[in-house]
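Visitor: Sending over a structure as structure tokens; questions will come in a sec.
The values are calculated or read from the model by the stated rules, or taken from the named source; none is laboratory data. None of the values given here were measured: they were computed from a predicted structure. In this analysis, Cβ positions are derived from the backbone assuming ideal geometry, glycine residues included, and neighbour counts consider all displayed protein chains.
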Amino acid sequence: MLTVSAYAAPSATEPLVPTTIERRDVGPKDVLIAIRYAGICHSDIHTVRGEWGDIAYPQVVGHEIVGEVTEVGAEVSKFEVGQRVGVGCMVGSCRECENCRAGMENYCLKGNIQTYTGVDVDGSITQGGYSTHIVVDEDFVLRVPEAIPYEAAAPLLCAGITTYSPLAHWKAGPGKRVAVVGMGGLGHMAVKIAAAMGAEVTVLSRTLAKHEDAVAFGADAHYATSEDATFDELANRFDLIVNTVSAPLDMNRYLSLLRLDGVLVAVGAPPEPLPVTAFTLFATRRSFAGSTIGSIAETQEMLDFCAEHGIASTVEVIPAEQINEAYERVLAGDVRYRYVIDTATLPAV
């Protein structure tokens with residue numbers, strides 16, 4: 001076992017604190033990664049505060065991970081020591097169900113192994129990226145292209161793939177009108193990616209405070225949802241709406257913005273239910289869908305796409321001692337657009 005430094009939540013109500021955790025020995029198909037940067041995702045906060053259900057404590061979160069390979073197992077064929085790599089939201093799956101066999105491990109019918117709070121192959125609770133090292137099966141490790149700045153690559157492993165996947169699945173591109181609801185960590189990536197795909201992109205956020213950023217990221221238009229006139233003006237306009245907000249919204253109002261056969265896809269995950277009226281869906285054969293991250297192959301495709309188009313997350317790098325402050329700022333919406341932890345600042349073991 002390898003003892004490594006980390007920041008962990010001792011309970012649902014206490015601040016995260018420095019600690020040490022044990023990583024399993026490197027197995028034949030495993031890769032040991034020295035973590036360089038770890039993004040702070042809103043999911044991390046929901047999880048450690050018990051908003052998505054009970055978890056085991058202490059818990060180390062973080063599923064936006066980049067670093068270098070420092071050791072490989074005897075049977076590893078995809079990676080070598082010194083390579084830039086990343087780990088996202090999952091570190092394993094059953095590999096036997098229909099979805100896994102189809103290369104869609106993110107929709108594993110038995111439940112994929114989450115990077116944190118999951119049950120690992122050795123029976124332990126998985127611990128995430130707010131740490132100095134992690135051991136992962138090579139089949140769940142990604143190549144990080146040199147063209148993407150290291151610290152800005154970390155959020156792509158969650159925010160990037162979470163927005164890329166529905167945009168690719170519902171074929172955002174030339175001739176398609178795409179709206180992005182919310183322009184935070186997820187939303188700003190959705191804007192950048194949809195614009196790079198060639199879609200006409202509109203940002204829908206509560207105010208126009210981020211208008212200049214929206215335009216800089218590639219948006220063609222930006223509307224304030226706090227203004228009722230917005231919903232009248234944009235009725236029946238969009239082919240695809242990507243809702244990135246992790247708070248309750250009136251879904252019927254947003255569904256009314258879809259044109260014939262339009263889709264509203266939820267990628268943000270508020271703990272509360274989101275009621276939808278059937279007649280709103282009936283109006284123009286609208287669909288309300290969900291999407292979660294992407295497969296390993298699709299995540300690699302996303303990383304390569306971002307490298308090709310010069311896309312990366314817009315980040316603020318922080319030392320580990322500022323994690324708790326960053327959590328409060330995320331909840332207050334005071335981040336442009338992703339906090340990334342420099343793991344070199346974790347206390348030494």
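Visitor: Would you check if Y164 is among the aromatic types (F, W, Y), touching a residue at least 60 places away in the same chain (Cβ under 8 Å) and in a loop (DSSP other than H, G, I, E, B)?
Guide: It is false that Y164 is among the aromatic types (F, W, Y), touching a residue at least 60 places away in the same chain (Cβ under 8 Å) and in a loop (DSSP other than H, G, I, E, B).
Visitor: If you go through the stretch 220-254, how many residues are under 19 Å from K171 (Cα atoms) and part of a loop (DSSP other than H, G, I, E, B)?
Guide: Selection size over the stretch 220-254: 4.
Visitor: In the stretch 224-247, which residue that is closer than 24 Å to V330 by Cβ and either β-branched (V, I, T) or over 23 Å from the mean Cα position of the chain (by Cα) (or both) is surrounded by the fewest Cβ atoms within 10 Å (Cβ to Cβ)?
Guide: Taking the candidates together, the pick is S226.
Visitor: Are any of the residues in the stretch 189-203 closer than 30 Å to G50 by Cβ and basic (K, R)?
Guide: From the stretch 189-203, those closer than 30 Å to G50 by Cβ are 189-190; that's our starting set.
When the remaining residues are screened for being basic (K, R), the result is none.
The answer is no, given that none of the residues of the stretch 189-203 is closer than 30 Å to G50 by Cβ and basic (K, R).
Visitor: Given the conditions (1) at negative phi; (2) under 18 Å from the mean Cα position of the chain (by Cα); (3) modelled with pLDDT of 95 or more, and given that G184 satisfies all but one, which numbered condition is not satisfied?
Guide: Result: G184 passes all but (3).
Visitor: Let me ask something additional. Looking at this structure, is G173 touching a helix residue (DSSP H, G or I) at 6+ places or on another chain (Cβ under 7 Å) and in contact (Cβ under 8 Å) with a residue 40 or more places away in the chain? Even if it seems obvious, please write down each step before you answer.
Guide: Details: touching a helix residue (DSSP H, G or I) at 6+ places or on another chain (Cβ under 7 Å): yes; in contact (Cβ under 8 Å) with a residue 40 or more places away in the chain: no.
Here the answer is no, as G173 does not meet what is asked.
Visitor: Does the stretch 255-269 contain at least one residue that is under 20 Å from S205 (Cα atoms), assigned to a helix (DSSP H, G or I) and at pLDDT 95 or above?
Guide: Yes, the stretch 255-269 has at least one match.
Visitor: Residues in the stretch 261-273: is at least one within 24 Å of the chain's Cα centre (by Cα), free of Cβ contacts under 8 Å to residues at least 40 places away in the same chain, surrounded by fewer than 16 Cβ atoms within 10 Å (Cβ to Cβ) and over 21 Å from A190 (Cα atoms)?
Guide: Yes, because at least one residue in the stretch 261-273 is within 24 Å of the chain's Cα centre (by Cα), free of Cβ contacts under 8 Å to residues at least 40 places away in the same chain, surrounded by fewer than 16 Cβ atoms within 10 Å (Cβ to Cβ) and over 21 Å from A190 (Cα atoms).
Residues checked against (1) of a type in the set (S, T, N, Q); (2) buried (at least 21 other Cβ atoms within 10 Å of the Cβ); (3) in contact with a Gly (Cβ under 7 Å, 6 or more places away or on another chain); (4) modelled with pLDDT of 95 or more:
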residue: P145; (1), (2), (3), (4): no, no, no, yes
residue: P155; (1), (2), (3), (4): no, yes, yes, yes
residue: R177; (1), (2), (3), (4): no, yes, no, yes
residue: A199; (1), (2), (3), (4): no, yes, yes, yes
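Visitor: Identify, from the list A179, A172, A195, the residue that is in the same structural domain as S246 (by TED's automatic domain parsing), assigned to a helix (DSSP H, G or I) and over 26 Å from G73 (Cα atoms).
Guide: Working: A179 fails: assigned to a helix (DSSP H, G or I); A172 fails: assigned to a helix (DSSP H, G or I).
Just a single option satisfies the conditions, and that option is A195.
Visitor: Filter the stretch 316-349 for residues that are in a helix (DSSP H, G or I) and β-branched (V, I, T); which is surrounded by the fewest Cβ atoms within 10 Å (Cβ to Cβ)?
Guide: The selected residue is T345.
Visitor: If you scan the stretch 1-20, which residues turn out to be surrounded by 14 or more Cβ atoms within 10 Å (Cβ to Cβ), hydrophobic (A, V, I, L, M, F, W, C), under 15 Å from P347 (Cβ atoms) and within 24 Å of the chain's Cα centre (by Cα)?
Guide: Of everything in the stretch 1-20, those that are surrounded by 14 or more Cβ atoms within 10 Å (Cβ to Cβ), hydrophobic (A, V, I, L, M, F, W, C), under 15 Å from P347 (Cβ atoms) and within 24 Å of the chain's Cα centre (by Cα) turn out to be A6, A8, L16.
Visitor: Here is a list: S313, S295. Which entry is farther than 21 Å from Y130 by Cα and among the small types (G, A, S)?
Guide: Among S313, S295, only S295 is farther than 21 Å from Y130 by Cα and among the small types (G, A, S).
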